[in-house]
């Protein structure tokens with residue numbers, strides 16, 4: 001009995017390790033900001049470069065902060081989903097235009113529709129670094145106090161919106177799904 | 001003419017252009033610190049490269065950040081803290097000792113220990129043991145051996 005016990009335990013251990021490896025993408029680095037306030041920032045707005053937008057405008061209600069750029073191909077893919085979300089769900093979506101060209105970004109929103117309440121312009125990418133952005137698109141869900149409750153890395157999909165994003169928003173809003 | 005052309009080509013070789021813009025440091029201690037930090041920090045875009053190796057856009061930005069902080073006289077701890085607070089422990093090639101990293105730190109030693117114990121037990125078990133052979137068996141054995149030699153001689 002004892003003879004087979006050790007190999008069996010090792011086997012079970014390896015199986016658990018491999019299952020863990022199968023269902024966890026090493027590309028997704030957990031954000032250290034979860035359940036912490038989003039770092040504050042002050043950036044020019046996209047529509048009018050003369051305006052200065054504070055990250056504080058996102059407080060007061062559950063909000064989504066989507067980091068995007070026109071050079072980012074997956075952003076193009078998720079854009080229609082954001083437009084849908086801005087129409088169907090009762091949620092304010094803000095954009096952070098990351099290391100992009102203003103005219104390109106404006107043309108993109110003109111052509112593909114604008115799901116954002118406001119778009120912050122982070123031309124240098126410094127705010128991106130402060131927010132721990134390492135791959136666009138990234139999507140933060142903030143509660144009414146401006147605390148990061150969830151971060152999605154990579155493009156949103158129909159599936160991830162249905163199974164993760166909406167449930168998180170509903171929970172934060174205290175809505176029964 | 002041809003050799004001149006070849007020499008001309010050398011000036012346009014890729015390696016010449018590969019050199020990054022040289023950074024100015026106040027002293028060699030800062031430069032060393034900068035290099036050392038880049039070797040210890042992971043690029044999050046191409047995860048198996050250090051900040052020093054990576055050509056990703058973000059790596060370039062983070063190198064600039066590290067450069068600025070080193071030049072401003074920040075300590076290594078401050079700089080590492082800056083990056084960890086934004087990107088998490090994952091940026092460190094040398095992860096801190098925590099409950100979640102215990103397996104990472106001690107797993108290899110546990111495996112080594114397990115291997116050594118296994119080898120020790122295996123070696124002890126396979127030590128030669130004196131076999132007691134009964135006289136009857138001994139006779140049978142010598143008969144078998146004898147017949148074998150006969151056969152070999154005969155063939």
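Applying the selection to segment A:123-139, what residues are within 12 Å of residue B:61 (Cβ to Cβ) and at the interface with chain B (Cβ under 7 Å from one of its Cβ atoms)?
Matches in segment A:123-139: A:125, A:129, A:130, A:134.
Can you confirm whether residue B:62 is crowded, with 17+ Cβ neighbours inside 10 Å, within 12 Å of chain A (Cβ to nearest Cβ) and modelled with pLDDT under 90?
Taking the combined requirement at face value, the residue does not satisfy it.
Run down A:46, A:38 and say which single residue is surrounded by 11 or more Cβ atoms within 10 Å (Cβ to Cβ) and away from every other protein chain (no Cβ under 14 Å).
A:46
Pull up segment B:12-34, narrow it to residues that are closer than 11 Å to residue B:67 by Cβ and surrounded by 10 or more Cβ atoms within 10 Å (Cβ to Cβ), then point me to the one that is modelled with the lowest pLDDT.
Looking at residues that are closer than 11 Å to residue B:67 by Cβ and surrounded by 10 or more Cβ atoms within 10 Å (Cβ to Cβ), I get B:23.
List every residue pair whose Cβ atoms lie under 7 Å apart, where the two residues are 6 or more positions apart in sequence or sit on different chains, the first residue falls within segment B:33-56 and is outside the structural domain of residue B:69 (by TED's automatic domain parsing) and on the phi < 0 side of the Ramachandran plot, and the second residue, located anywhere, is assigned to a strand (DSSP E or B) and surrounded by 13 or more Cβ atoms within 10 Å (Cβ to Cβ).
Note: no pairs meet the criteria.
Taking segment A:118-142 only, how many residues are surrounded by 20 or more Cβ atoms within 10 Å (Cβ to Cβ), in a loop (DSSP other than H, G, I, E, B) and at negative phi?
5
When you go through A:74, A:115 one by one, which is the residue that is over 17 Å from residue A:33 (Cα atoms) and surrounded by fewer than 17 Cβ atoms within 10 Å (Cβ to Cβ)?
Matching residue, one of A:74, A:115: A:74.
Out of (1) more than 14 Å from residue A:116 (Cα to Cα); (2) in contact (Cβ under 8 Å) with a residue 40 or more places away in the chain, the odd one out for residue A:14 is which?
It is condition (2) that residue A:14 fails.
From B:110, B:71, grab the single residue that is modelled with pLDDT of 90 or more and closer than 24 Å to residue A:128 by Cβ.
B:71
Give the residue that is farthest from the chain's Cα centre (by Cα), with candidates limited to residues of segment B:36-55 that are within 11 Å of another protein chain (Cβ to nearest Cβ) and crowded, with 17+ Cβ neighbours inside 10 Å.
B:44
Between a first residue in segment A:26-37 that is free of Cβ contacts under 8 Å to residues at least 60 places away in the same chain and a second residue that is assigned to a loop (DSSP other than H, G, I, E, B), which pairs have beta carbons less than 9 Å apart while being 6 or more apart in sequence or on different chains?
Pairs that qualify, where the first residue is free of Cβ contacts under 8 Å to residues at least 60 places away in the same chain and the partner is assigned to a loop (DSSP other than H, G, I, E, B), are A:26/B:47; A:30/B:88.
For the structure I just gave you, tell me whether residue A:63 is touching a helix residue (DSSP H, G or I) at 6+ places or on another chain (Cβ under 7 Å), under 29 Å from residue B:89 (Cβ atoms) and surrounded by 18 or more Cβ atoms within 10 Å (Cβ to Cβ).
It is false that residue A:63 is touching a helix residue (DSSP H, G or I) at 6+ places or on another chain (Cβ under 7 Å), under 29 Å from residue B:89 (Cβ atoms) and surrounded by 18 or more Cβ atoms within 10 Å (Cβ to Cβ).
Does segment B:84-93 contain at least one residue that is touching a helix residue (DSSP H, G or I) at 6+ places or on another chain (Cβ under 9 Å), within 13 Å of chain A (Cβ to nearest Cβ) and not in a helix (DSSP H, G or I)?
Scanning segment B:84-93, I find at least one residue that is touching a helix residue (DSSP H, G or I) at 6+ places or on another chain (Cβ under 9 Å), within 13 Å of chain A (Cβ to nearest Cβ) and not in a helix (DSSP H, G or I), so the answer is yes.
In segment A:83-102, what residues are out of contact with any helix residue (DSSP H, G or I) (no Cβ under 9 Å at 6 or more places or on another chain) and part of a helix (DSSP H, G or I)?
Passing the criteria: A:86, A:87, A:88, A:102.
Return a yes/no flag: does segment A:103-112 have any residue that is touching a strand residue (DSSP E or B) at 6+ places or on another chain (Cβ under 8 Å), in a helix (DSSP H, G or I) and either modelled with pLDDT of 95 or more or surrounded by fewer than 21 Cβ atoms within 10 Å (Cβ to Cβ) (or both).
Yes, some residue in segment A:103-112 is touching a strand residue (DSSP E or B) at 6+ places or on another chain (Cβ under 8 Å), in a helix (DSSP H, G or I) and either modelled with pLDDT of 95 or more or surrounded by fewer than 21 Cβ atoms within 10 Å (Cβ to Cβ) (or both).
Residue by residue through segment A:7-45, note down the ones that are in a loop (DSSP other than H, G, I, E, B) and over 19 Å from the mean Cα position of the chain (by Cα).
Scanning segment A:7-45 gives a single hit, A:23.
The values are calculated or read from the model by the stated rules, or taken from the named source; none is laboratory data. On a predicted model such as this, the values are computed, not experimentally measured, just so you know. As a convention, Cβ positions derive from the backbone with ideal geometry for all residues, glycine included, and neighbour counts pool all protein chains shown.
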